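Enquirer: Below is a structure I'd like to ask you about.
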Amino acid sequence: MTAMQSFVDRLDHPVFVVTVVADGEQAGCMVTFASPCSIKPARFMVWLSTLNRTYRVARSADHLAVHLLGRDQHVLAELFGGETGDRADKFARTHWTPGPGGVPVLDDTLAWFVGRVEGHVDAGDHIGFLLSPVTGEAQEPTEREPLCLSDVADITAGHPVS
């Protein structure tokens, strides 16, 4: 194991579900690489695997939705992390509403925002989507905790991990 892998294995940050619509296609996946990256202006970077259907749809999208799940939403994480949109219609199996530009916004998440795609960064097997927030919502603070990386260790990825 490399020093970098050992470092990364110790992280336990929130995971997200990213959804998108473009050219009449919807897609969504669980994302473990994402972070705010600027305060002024507000910016958020989401990294999508180039092997993932969500990436293929997002390449031509103007907006992406980023959802923060609660620990009680493991089943939703399994759907978006363990299934591939190449074989399953994930949106037929969950509740959502159309957001700006028709981007699917998942119901009952801790928080979500839709961001305009400002640019892309090629980092190898993942492409970064730089997002500028357009709109979003967050639940009032509760005892509900975010779903973290350690909570989804049992989910086998719908696509091979690159």
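Enquirer: Looking at the range 52-84, which of the residues that are of a type in the set (Gly, Ala, Ser) and in contact (Cβ under 8 Å) with a residue 60 or more places away in the chain is surrounded by the fewest Cβ atoms within 10 Å (Cβ to Cβ)?
Expert: It comes out as GLY82.
Enquirer: Residues in the range 25-49 that are open to solvent by 30 Å² or more (accessible area, probe 1.4 Å), of a type outside the set (S, T, N, Q) and either touching an Asp or Glu at 6+ places or on another chain (Cβ under 6 Å) or in contact (Cβ under 8 Å) with a residue 60 or more places away in the chain (or both): how many?
Expert: Selection size over the range 25-49: 7.
Enquirer: Mind telling me which of the residues PHE7, PHE16 ends up being loosely packed, with under 15 Cβ neighbours inside 10 Å and aromatic (Phe, Trp, Tyr)?
Expert: When all the criteria are applied, what remains is PHE7.
Enquirer: Right, next: Restricting to the range 95-106, what's the tally of residues that are modelled with pLDDT of 95 or more and open to solvent by 40 Å² or more (accessible area, probe 1.4 Å)?
Expert: 4
This table checks each residue for (1) basic (Lys, Arg); (2) within 21 Å of ARG43 (Cα to Cα); (3) touching a Phe, Trp or Tyr at 6+ places or on another chain (Cβ under 8 Å).
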{"site": "VAL105", "(1), (2), (3)": "no, yes, yes"}
{"site": "TRP112", "(1), (2), (3)": "no, yes, no"}
{"site": "VAL117", "(1), (2), (3)": "no, yes, yes"}
{"site": "HIS120", "(1), (2), (3)": "no, yes, yes"}
{"site": "ASP125", "(1), (2), (3)": "no, no, no"}
{"site": "GLY128", "(1), (2), (3)": "no, yes, yes"}
{"site": "GLU140", "(1), (2), (3)": "no, no, no"}
{"site": "CYS148", "(1), (2), (3)": "no, no, no"}
{"site": "ALA153", "(1), (2), (3)": "no, no, no"}
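Enquirer: Mind checking which residues of the range 121-137 are touching a residue at least 60 places away in the same chain (Cβ under 8 Å) and either in contact with a helix residue (DSSP H, G or I) (Cβ under 7 Å, 6 or more places away or on another chain) or open to solvent by 70 Å² or more (accessible area, probe 1.4 Å) (or both)?
Expert: Within the range 121-137, ILE127, PHE129, VAL134 qualify.
Enquirer: Here's another thing I want to ask about it. Kindly provide the set of residues from the range 48-59 that are of a type outside the set (S, T, N, Q) and assigned to a helix (DSSP H, G or I), ordered by number.
Expert: Once the filter is applied, which keeps residues that are of a type outside the set (S, T, N, Q) and assigned to a helix (DSSP H, G or I), the range 48-59 yields ARG53, TYR55, ARG56, VAL57, ALA58.
Enquirer: Condition check: crowded, with 19+ Cβ neighbours inside 10 Å, under 19 Å from ASP12 (Cα atoms) and touching a helix residue (DSSP H, G or I) at 6+ places or on another chain (Cβ under 8 Å). Does LEU147 satisfy that?
Expert: yes
The values are calculated or read from the model by the stated rules, or taken from the named source; none is laboratory data. All values reported here derive from a predicted model rather than from experimental measurement. Every residue, glycine among them, receives a Cβ derived from its backbone with ideal geometry; neighbour counts consider all protein chains shown. Surface areas here come from the heavy atoms of the whole protein model, side chains and all, with no ligands, DNA or RNA. Shrake-Rupley method; radii C 1.70, N 1.55, O 1.52, S 1.80 Å.
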